[in-house]
1. Inside region 50-73, can you point out the residues that are touching a residue at least 24 places away in the same chain (Cβ under 8 Å), within 18 Å of ARG96 (Cβ to Cβ) and within 16 Å of the chain's Cα centre (by Cα)?
2. Quick one: in region 105-116, which of the residues that are surrounded by fewer than 21 Cβ atoms within 10 Å (Cβ to Cβ) and of a type in the set (A, V, I, L, M, F, W, C) is modelled with the highest pLDDT?
3. Is it the case, given these coordinates, that VAL102 is touching a strand residue (DSSP E or B) at 6+ places or on another chain (Cβ under 9 Å) and assigned to a helix (DSSP H, G or I)?
4. Only residues that are modelled with pLDDT of 95 or more and assigned to a helix (DSSP H, G or I): list them for region 40-54, please.
5. Give me the residue from region 13-56 that is acidic (Asp, Glu) and under 23 Å from SER94 (Cβ atoms) and, out of that set, surrounded by the fewest Cβ atoms within 10 Å (Cβ to Cβ).
6. Looking at (1) assigned to a helix (DSSP H, G or I); (2) at pLDDT below 95, can you tell me which one ALA24 breaks?
7. So how many residues does region 55-91 have that are within 16 Å of ALA122 (Cα to Cα) and not in a helix (DSSP H, G or I)?
Amino acid sequence: VVSEIEADDVDALFELRTALDEQAARLAARRVANSASVGERFSELAARFAAVDRTALAADDPQRHGYYALVAAFDAALDNSLSSSPYLAAAIQSTRVHLARVRRLARDDDDRLARSAAEHAAIARAIADGDPERAAAATRLHLHEALTSIHTHLPRSGENRPKEQA
């Protein structure tokens, strides 16, 4: 089934994503106090994201599998830190299914991906530091920038719209 990506749908998805992801970042940062391994994992991820720039992206394959594998590692670390919040983790998993379609819109925009990596690094660093509100704020900023970028890649009404596999 092929369906169009509508700007209103993306906005609604990001309203939910912002609420869920900010809370997940807060909880992950709070759990650092009880688990040094959570802090270490996010510290490692922050360093890996900090190393992503246009040169690193240019060395990746055209689909940016390396970059998206790093994002998946971040998501997995976040999921692991939510083990005591199964409903939040399930809701986040559900939104990721829909996000996969819109994430592909930025695949060819290495400038955006490099900025996104820096934003992920800030989130991971805040979690590693055990700072819940900084983690939530960094998440909010990342999602605002991601949504702004998605809107620049979506054709305006009346133009040919990208069709994605549902």
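The values are calculated or read from the model by the stated rules, or taken from the named source; none is laboratory data. Fair warning: this is a prediction, and the values are worked out from it, not measured in the lab. Note that each Cβ is placed from the backbone with ideal geometry, even for glycine, and that neighbours are counted across all protein chains shown. Accessible surface is based on the protein model in full, side chains and every heavy atom, while ligands, DNA and RNA are left aside. Shrake-Rupley method; radii C 1.70, N 1.55, O 1.52, S 1.80 Å.
1. The answer is ARG64, TYR67, TYR68, LEU70, VAL71, ALA73.
2. ALA114
3. Numbers: touching a strand residue (DSSP E or B) at 6+ places or on another chain (Cβ under 9 Å): yes; assigned to a helix (DSSP H, G or I): yes.
In short, yes.
4. Passing the criteria: GLU40, ARG41, PHE42, SER43, GLU44, LEU45, ALA46, ALA47, ARG48, PHE49, ALA50.
5. Going through region 13-56, the residues acidic (Asp, Glu) turn out to be 15, 21-22, 40, 44, 53.
From what's left, under 23 Å from SER94 (Cβ atoms): 15, 21-22.
Values: GLU15: 12, ASP21: 23, GLU22: 19.
The qualifying residue surrounded by the fewest Cβ atoms within 10 Å (Cβ to Cβ) is GLU15.
6. (2)
7. 0
A quick yes/no check of all residues on (1) aliphatic (A, V, I, L, M); (2) at pLDDT 95 or above; (3) outside any helix (DSSP H, G or I):
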{"position": "ALA122", "(1), (2), (3)": "yes, yes, no"}
{"position": "ALA126", "(1), (2), (3)": "yes, yes, no"}
{"position": "ARG134", "(1), (2), (3)": "no, yes, no"}
{"position": "ARG140", "(1), (2), (3)": "no, yes, no"}
{"position": "LEU143", "(1), (2), (3)": "yes, yes, no"}
{"position": "ALA146", "(1), (2), (3)": "yes, no, no"}
{"position": "SER149", "(1), (2), (3)": "no, no, no"}
{"position": "ARG161", "(1), (2), (3)": "no, no, yes"}
{"position": "GLU164", "(1), (2), (3)": "no, no, yes"}
